[in-house]
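Structure, as C-alpha cells:
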C-alpha cells in the first residue's frame with residue numbers, strides 16, 4: 001500500500017477521534033464548564049511529562065505517553081461513564097469494556113495495519129494493567145482527575161455529583177496507589193490541596209480520604 005493511501009487512512013482516523021474534543025467527562029473546570037476527554041488527555045500527558053523525572057520513574061517515557069494518548073480513545077462514540085457507577089455495576093462495566101473494545105477494533109481496521117495493531121495493543125495493555133508503564137498511566141489518570149477537582153471545588157461553591165461519588169473518588173485513588181507507590185508523594189500533595197479547597201467551601205473532610 002502506498003504512503004498516500006496510508007496517510008489518507010490516518011486522516012480518516014483523525015476525523016473520527018476529533019469527537020473527543022467535545023466528548024464530556026464527569027468533571028468540570030475552574031470556570032464550571034464540563035471538561036472534555038481531549039482536554040483531560042492533554043493535561044494528563046503534560047502532568048506525566050512534568051513529574052516523571054522529578055520522581056525518578058524508571059519507565060519507558062515515550063511508551064507511557066502513547067498509553068496516555070490512547071487510554072480513553074474508546075470513548076469517542078460511547079462517551080465517558082461515571083467511575084462510581086462502573087465500580088458498582090458489574091454488568092455496566094462489562095458492557096462499557098465491550099463497547100470500547102468494539103470501537104478500538106473499528107479504529108484498528110481504519111488505520112494502516114502496523115499502526116492499527118499498535119493502537120489496539122496499547123489500549124489492551126492499559127486496560128489490563130499489563131506493564132509498569134500502564135500502571136503509572138492508570139494511577140496518574142486518577143490523580144489528574146483529583147487535581148482537576150481541586151480547582152473546581154476551590155472556584156465553585158457546589159458540585160453536581162452526590163457525596164457518595166466524591167467519597168468514591170478519594171478512596172478509590174488511595175487503593176490504586178498500591179500499584180505505583182512512587183506516586184504516593186504526589187498524591188499526598190494533591191490531598192493537601194484538596195483539604196484547602198474543602199475548607200474554602202465549608203466542606204467536610206472525612207478520615208477515610210486519608211492514605
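FYI, it's all coordinate maths here, none of it is from the lab. Model, not experiment: these values are computed from the prediction. All Cβ positions, even for glycine, are placed from backbone atoms using ideal geometry, and neighbour counts span all protein chains on display.
Here r is the Cβ-Cβ distance between residue 12 and residue 195 and R0 is 45 Å; the resulting FRET efficiency, rounded to 0.05, is 0.45.
Ranked by the mean number of other Cβ atoms within 10 Å per residue, highest first, peptides 18-30, 37-49, 66-78, 90-102 order as 66-78, 37-49, 18-30, 90-102. The shape of region 1-140 comes out rounded: with a ≥ b ≥ c from the C-alpha gyration tensor, a/c is under 1.5.
Fully extending the segment from residue 175 to residue 98 would add 25.2 nm, taking 0.36 nm per residue of separation and subtracting the current Cα-Cα distance.
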